[in-house]
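No value in this document is a laboratory result; all are computed from the given coordinates. In this text the structure is predicted, and so the values were computed from the model without any measurement. Methodologically, a virtual Cβ is constructed for each residue, glycine included, from the backbone with ideal geometry; neighbour enumeration extends over all protein chains shown.
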Amino acid sequence: MSVILPQVRSHFVRSLRRRETASRAAGPRRWLACLLVAIACLTTARAQSVRWEAADSDDPSALQLIFENCAPEGDPQLPTIEGVTFSLLGRSEQTSIVNLSMTRTTVISYRARAQRSGPLRIPAFSVQTNKGTIRVPAFNSAAVAESNITSRIELSAPSVWAGEVFSLTYVLDVSRRAFNQLGSNIEWDAAPLVVEDWSKFEPSEAQVGGETRLRISSRTRGYAKAPGAVTLHAANQLVNLQSGSIGFGLFQTPRIEQLAVTSNQPPLLVRALPSPPPGFSGAVGQFKLSSKVIPTNATVGEPITWTIELTGTGNWPEIAGLPQRSVSKDFNVVQPQARRTPAEGKLFDSTLTEDVVLVPTRAGSYTLEPVSFVYFDPALGRYQTVSTPRQTVAIAAPPPPPAPTATPESAAPAKTEPAPKAEAATPRIPPPPTTPLGIPRDPLPGETTAMVPLSAPVLISLVILPFALLLFFWAWLAVRRAQMTDRERHRRAAKERLTATLGALRTARGPAGTAVRAQLLLQWQHDTAILWQIRHAAPSAAVFAGQSGSRTSGNDGVGATWCALWEAADRALYSPNAELPVEWVDRAEAALAEKRVPGFRVYTALLPRNLLPFVAVLALCCVLAPRVVAETATAPTMNAAEAAQAYRRGEFDAAAKAWAELLARNPTDAIARHNLSLALAQQDRWGEAAAHAAGAFVQRPRSEPVQWQLALTAGKAGYIPAPLAGFLPAGPVQALARLASPGAWQMILAAAAALFAAAIAVLLIGAYHRSSRRRIWASVMVMGLALVLALAALASLRAFGPTADRRAVIAWRTGTLRSIPTEADTTQKTTPLPAGSVGLAGQTFLGWVQLTFDNGQTGWVRQDDLIALWK
């Protein structure tokens, strides 16, 4: 027992010591954990803030609104500062951790533009964030004036009369290097003025202080109704500016900023008009009044038209109408509504026309009193009166009715017949019926295909080709003649015969060949004399010695060789029992091989004696290879007979669609094009009908119904293509031209060229061979006929003008010719394109077609406004 108790005590003491040591070691770790938790809580609970900072860039006007540990709710509402505009540049977000501190930042970039440079103070304001409402402290910065762009409204005069039309000009002044494009049209409240629409923008450039400035101006006109001092409203416009670039290298793109530009507010003094005279109706401006009476001599019951026309520039919206006219009671007056016709795109330039129909009821002479119009002229500053002249109208009594014609019945005694009534005694003979007005005729039956005009290169090639072949033929004749007249021709033939003779001599051996050998030696001597150009009838060997120094011998050794050969031949021929040396044939063949004879020179064909001048060969270089144009047509899905039946049933729309489909498959079907014009005319689509009628006439000008339809549609549509105006009515040249289509006249021109070349070829044959007077006269007549045909073809093609080109198109309605194929660019130059204009279609682009006109003018027009004549 005494032993166990000490052991228990010692074990308990050791346990207490171990626990004390463990508690001492765990104390620092516990405190460290608490410290880390506290730091994390402090990091998480870091306060949110919103502040302004200057951007880290070269642009002093760039500012940044920084949201730290919070994010904006929507777009921040910045305070309004007079004369300062904030433009949003972009937004970015980032997160950073520094010394275990995490910060989330949202940066919104702005550019501040001011009307004047100087200090800029942004007052404090509140902004909504995802952490609640936070106050943004005030910020001081330097404002940069927007010197790159300004706008202003300029008045033609600082003061005007009430109702006076004056000009206003809007000018946008911007640096050329910073300008990108206009972002909007002019936004302007014109009240209290009455104004026209702004004109198209007109750009111009000027150098100001070494910088290129772009000035974009637009003009309008207006007037003020009431007098007084007026301050006009400012005009606003959005402009896109280029401010630097984004990215780098190949990925660099321009940075575009849209800026709202506000103009000035010019003052205007509107002066009151002086006290008006009687008859003044409020017209202010410059006006002209005219009067016209048709006819001035009439009979009772015949209508007379009295037309009053007021034209000029002024406050037309305030002009109610024309003054009243005084007319005698002996006239029945029919007064229709006055017609006001403003100039296109103009509000203050107009024409007011009023036609009064007077029907006289009694004969006599009547005076139409002057009509006066009172207006205020602002240029003179006083009232003016314009009056029409006094006009006299003579009214005659109606002619008496014609007396009845005596007849055998009327000559009978009065007692046997009752007296006729008064009405029957003077019967009224009705006037003859007038010719009915033109209406579309019945459609033509069948189908046809017109010859498409050739392009200019192909036509020129076909015209030149006969003359090119003629030149080749001429060259062949000249070469043949040169060969026949060549001085060396006999020598070359003699050399060829000598070769054959020597070959025969080699085989003529022995006593049996003596007679043959003698004949061959004589032939050899004859051809040798020709080869050496020896003129003696019986030359000797000494002749070769004389020829050895000539240019034909070559040298003295050659002449000596031939001299020895000639002497050996003479001994064999004329000496008794003489034989040719065994080696004679070998030496003769070697000498013949060394003898040179000039060959035929082709260039001798160009000599005058061969009838071919040198310039004719140079013309061969101008020959163009003709191209063969093949055109194929696909069979239509609906025949022409079905379309004609639909037309006769009155289904004009269906007939027009059917013929349009036929025409799309075969654009040179003149009958389908003519019938399509008929169907369009029945639907009052006269513009399209006139264009298709013109196309049918060009393709088939000899057809009388086609000519009728062209005249009818031209009168209804109000236009006729300029090249075809001479055909209605047809002059002498036009009467000739309409005998065939342009394609046929082109083939006639090519045929005339071929006939002319053939006639010259016949003359050339007579020049190189034996000539014949009959052949010469026939050739001259053919040449005359070819010239007549060529002149007729050229005159006819000239009469058709550009419609003879396969690219010809007609504008069937009034459109706009533009410099570039777009309607979005308002700064481009445009011009009206009248209906009936004929041009040549070129390249196309997204529904636009480029046209070329006779005067070299080019431009783009909508494809829907055009109708092709051949395609």
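How big is the convex hull of the Cα atoms of the stretch 641-803, per residue, in Å³?
Convex hull volume per residue, Cα atoms: 128 Å³.
Would you mind working out the magnitude of the charge dipole of the stretch 167-278 relative to its Cα centre, with +1 at each Lys and Arg C-beta and -1 at each Asp and Glu C-beta, to the nearest 20 Debye?
With Lys and Arg at +1 and Asp and Glu at -1, about 180 debye.
Roughly how big is the stretch 808-868's charge dipole about its Cα centre, with Cβ charges of +1 (Lys, Arg) and -1 (Asp, Glu), in debye to the nearest 20?
Roughly 40 debye for the stretch 808-868.
Taking neighbour Cβ counts within 10 Å as the exposure measure, how do Leu851, Leu736 sort from fewest upward?
Fewest-to-most Cβ neighbours within 10 Å comes out as Leu736, Leu851.
Leaving out same-chain residues fewer than 8 places away, which lysines sit with a Cα under 17 Å from that of Lys595?
List returned: Lys495.
First measure r as the distance between the Cβ atoms of Gln683 and Leu739, then evaluate 1/(1 + (r/R0)^6) with R0 = 30 Å and state the FRET efficiency to the nearest 0.05.
Efficiency, rounded to the nearest 0.05: 0.35.
Rg (Å, one decimal) plus Dmax (Å, integer) for the alpha carbons of the stretch 149-271?
Answer for the stretch 149-271, Rg first and Dmax second: 17.5, 63 Å.
Is the shape of the stretch 808-868 rounded, prolate or oblate, going by the alpha carbon gyration tensor and its root eigenvalues a ≥ b ≥ c, with a/c under 1.5 for rounded and a/b larger than b/c for prolate?
Taking the square roots of the gyration eigenvalues as a ≥ b ≥ c, the stretch 808-868 is rounded.
Residues with beta-carbon under 15 Å from that of Ala660, excluding Ala660: net charge, scoring Lys, Arg +1 and Asp, Glu -1?
-3
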